[in-house]
1. Mind running the shape call on the chain? Use the C-alpha gyration tensor, a ≥ b ≥ c as the square roots of the eigenvalues: rounded below 1.5 for a/c, prolate if a/b tops b/c, oblate otherwise.
2. With charges set only on the Cβ (+1 for Lys and Arg, -1 for Asp and Glu), what does the dipole of the chain come to about its Cα centre, in debye to the nearest 20?
3. In percent, what relative contact order does region 5-72 have, based on Cα pairs under 8 Å that are 6 or more apart in sequence?
4. What is the dipole size for region 234-342, taken about its Cα centre, with +1 at each Lys and Arg Cβ and -1 at each Asp and Glu Cβ, in debye to the nearest 20?
5. So how strong a dipole does region 112-221 carry about its Cα centre when Lys and Arg Cβ are +1 and Asp and Glu Cβ are -1, to the nearest 20 debye?
6. Calculate, for MET86 and HIS172, the FRET efficiency according to 1/(1 + (r/R0)^6) with r their C-beta to C-beta distance and R0 41 Å; round to the nearest 0.05.
7. Please give the per residue accessible area of region 74-133, computed with a probe of 1.4 Å over protein heavy atoms only, in Å².
8. Suppose accessible area is computed on protein heavy atoms with a 1.4 Å probe; arrange CYS129, CYS66 from highest to lowest.
Amino acid sequence: MNEFVEKLYHTGDLTDNELKLLIESGTADNLAEYADEVRQKHYGKKVFLRGLIEISSYCKNDCYYCGIRRSNKSAERYRLDYHDVMNCAEIGYSLGLHTFVMQGGEDMALDDDYICGIIYALKEKYPDCAVTLSLGERSYESYKRLKEAGADRYLLRHESADCDLYYRLHPHGMSLENRKQCLYNLRELGYQVGAGFMVGVPYQTTENIISDIRFMQELQPQMIGIGPFIPHKDTPFRDEKGGTLELTLRLLGILRLMFPQVLLPATTALGSISPIGRTLGLKTGCNVIMPNISPEDVRKKYMLYNNKLISGGETAEGLEILRREIESAGYEIAKERGDCIK
Ligand code: 5AD
């Protein structure tokens, strides 16, 4: 496999066949070393922290994998108000965070006026910070208004670039076509855009993963979020197997070599399947961590999957633990807001 790793390192690409062999091979090669070399060439030892604010657990969608899907009657629903969000940001800022990520289900009550009001306030109070949104599919007009209000980045995982797999993960009413259109709209409007998918989601084949990679080569997102699928007990996928640490790390390494300058988080899901998941992610090309700064009492209600890692950066102690985790892996927390260098 080393020859494919070398080729990927030198040329930034592989044929579908080579990719398949590399993805499916064990870890007995130097992928992690090369991925780390490339991340250090572009970003040094810096790790960017993003304060994650889970703004609403209401969702109008019914994705088969997700714990906050509409049909899950056991999910407790909540929505943060303006003051809740500003409080989270104040705590996050005092801990040194320079990006706030507002993430939520597709909650109809999160209308443009409401979100724009929060964006204005955050930008006014913290002009040195970036505002990232992760609020799902919205109209072009809505994305435009949010951008004009000051939003900098938008995370919208494409989930699967393969039509058949996309429809096995989402009920009709959602479409891959619209998903992709949203991503292209966001890019056109000048957002820094994040795409991505879950690793080891039911029915996913290596060919599907290669389609995801090819789609992202076309889109050229500034951020890529991937993490293992983790079953949730109140979803149709409750009895399915989860994605593995090994495959997730393998894909992270490959993505770093293919997208040398991308912002690549060691995700909460990765940290949730293994206590050393995020550390291994950092050593395999990741350069972002997203500590949770949502209020303590809502943390458990934003359960996309079971056993979600709910410690985080919400307190000085939590952040200190994270700092030690990052430093013992050989990296350091960056002070700046951490835009993509492309
Ligand atoms: N396991 C892992 N990740 C999940 N997500 C949703 N449900 C799960 C799950 N069961 C991911 C989706 C979504 C992101 C916010 O969380 O990819 O885009």
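The values are calculated or read from the model by the stated rules, or taken from the named source; none is laboratory data. Note that the coordinates shown come from a computational prediction; the quantities given were computed from them, not determined experimentally. As a convention, Cβ positions derive from the backbone with ideal geometry for all residues, glycine included, and neighbour counts pool all protein chains shown. These area figures cover heavy atoms from the full protein model, side chains too; ligands, DNA and RNA do not enter into them. Shrake-Rupley method; radii C 1.70, N 1.55, O 1.52, S 1.80 Å.
1. On the way: a/c = 1.44, a/b = 1.21, b/c = 1.19.
Since a/c stays below 1.5, the shape of the chain is classed as rounded.
2. Values: 42 positive and 49 negative charges, 54 e Å.
So the magnitude is around 260 debye.
3. 19
4. Numbers: 15 positive and 14 negative charges, 62 e Å.
Value, rounded to 20: 300 debye.
5. My answer is approximately 140 debye.
6. 0.60
7. Averaged over the residues of region 74-133, the accessible area is 42 Å².
8. CYS66, CYS129
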